[in-house]
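Asks: The structure follows.
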Amino acid sequence: MFTGLIQGLGYLQPQGQQQLLVQCKSVPFWDSLAIGDSVAVDGVCLTVETLVDQGFGVSVSPETVQRTTLSQRLNTRQAVNLEPALSVGDRLGGHFVTGHIDDVGVVQGIQQTDTSWELSFAVPDAIARYIVHKGSVAINGISLTVADCDESGAHFKVAVIPHSFANTNLQDLNLGDQVNIETDVLGKYVAKLLRFPRHASSTASLPEITPEFLSTHGFG
């Protein structure tokens, strides 16, 4: 589990079939990194398999390659955002981010204002329903708030403070670039519950939660 608060930048190099080297020796969490740890790489949860002087090695599945932008970052000087997994007791400064990318979005607008950068994105219809005004979204692993969106959620805008813009790879984006999108996990669970109501599932025998039920069971 992650928060979407980026703690450093790295660069990717291929290391064989479905193997990547993440170069990141200068990141703040480098000294505490251990084999088996989870690290979000541009929002993608990956497991540290090897440690080397200049970074760490990971494996990526065909699903990860197909659904994310990681393959586009190979052998380039395009940075990837890095965040180690949460530890018990850590502050949750962003929102709950799982590191499981839903799909890829496209940059549609980049505009600098007096106080922030306004970035616009388009996402596939399959995940648009989870984009809501003032809701949370992770873009390349960065926890951001939806400042505005159309009715469907397929087109939305975020406002990025100068600190976040300067310390993440958002500063490298150009119009038409692709980004990793993870929508709010809570919204996905709610949507599934609404899509498959109680009477259509195996939980149909469970009692209905009413004020009377809560009172009877000591919640009054």
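Where a number appears in this text, it was derived from the coordinates with a stated rule and is not lab data. Quick caveat: nothing in here was measured; it's all calculated off a predicted structure. Cβ placement follows ideal geometry from the backbone for every residue including glycine, while neighbour counts extend to all protein chains displayed.
Asks: Take GLU63 and ALA85, extend 7 Å from each Cα along the Cα→Cβ direction, and tell me the distance between the two endpoints in nm.
Replies: The modelled label-to-label distance comes out at 1.7 nm.
Asks: For q values of 0.10, 0.11, 0.12 Å⁻¹, compute log₁₀ I(q)/I(0) with the Debye formula on a Cα-only model of the chain, without solvent.
Replies: These q points yield log10 I(q)/I(0) values of -0.51, -0.60, -0.69.
Asks: Now for a separate question. Under 22 Å from the Cα of LYS192, which lysines turn up, not counting those fewer than eight places away in the same chain?
Replies: Answer for LYS192, where 22 Å is the Cα cut-off: LYS134, listed by chain and number.
Asks: Given 4 °C and 1.567 mPa s, compute D for segment 69-147 with the Stokes-Einstein relation, Rh being the Kirkwood radius over Cα pairs; round to the nearest whole µm²/s.
Replies: Details: Rh = 14.8 Å.
Here the translational diffusion coefficient equals 88 µm²/s.
Asks: Toward the positive end of the charge dipole of the chain, about the Cα centre and with charges on Cβ (Lys, Arg +1; Asp, Glu -1), which of PRO211, GLN171, PHE121 goes farthest?
Replies: Positive-end residue among those listed: PRO211.
Asks: How far is the Cα center of segment 115-173 from the Cα center of segment 55-92, in Å?
Replies: After rounding, the separation between the Cα centres reads 19 Å.
Asks: On to the next question. Listing TRP30, TRP117 from the residue with the fewest other Cβ atoms within 10 Å to the one with the most, what is the order? Could the numbers behind the result be given before it?
Replies: Working: TRP30 16, TRP117 19.
Neighbour counts put them in this order, fewest first: TRP30, TRP117.
Asks: Where does each of VAL80, VAL52, VAL106, VAL27 land when they are ranked from fewest to most other beta-carbon atoms within 10 angstrom? Please report the intermediate quantities before stating the final value.
Replies: Numbers: VAL80 28, VAL52 12, VAL106 15, VAL27 20.
Listed from fewest to most nearby Cβ atoms, that is VAL52, VAL106, VAL27, VAL80.
Asks: Tell me the Rg and the Dmax, in Å, that the Cα atoms of segment 8-84 produce.
Replies: 11.1, 32
Asks: Related question: Determine which aspartates and glutamates satisfy two conditions relative to LYS188: a Cα distance under 18 Å, and not lying fewer than 8 residues away in the same chain.
Replies: Result set, ordered by chain and number: ASP102, ASP103, ASP125, GLU151.
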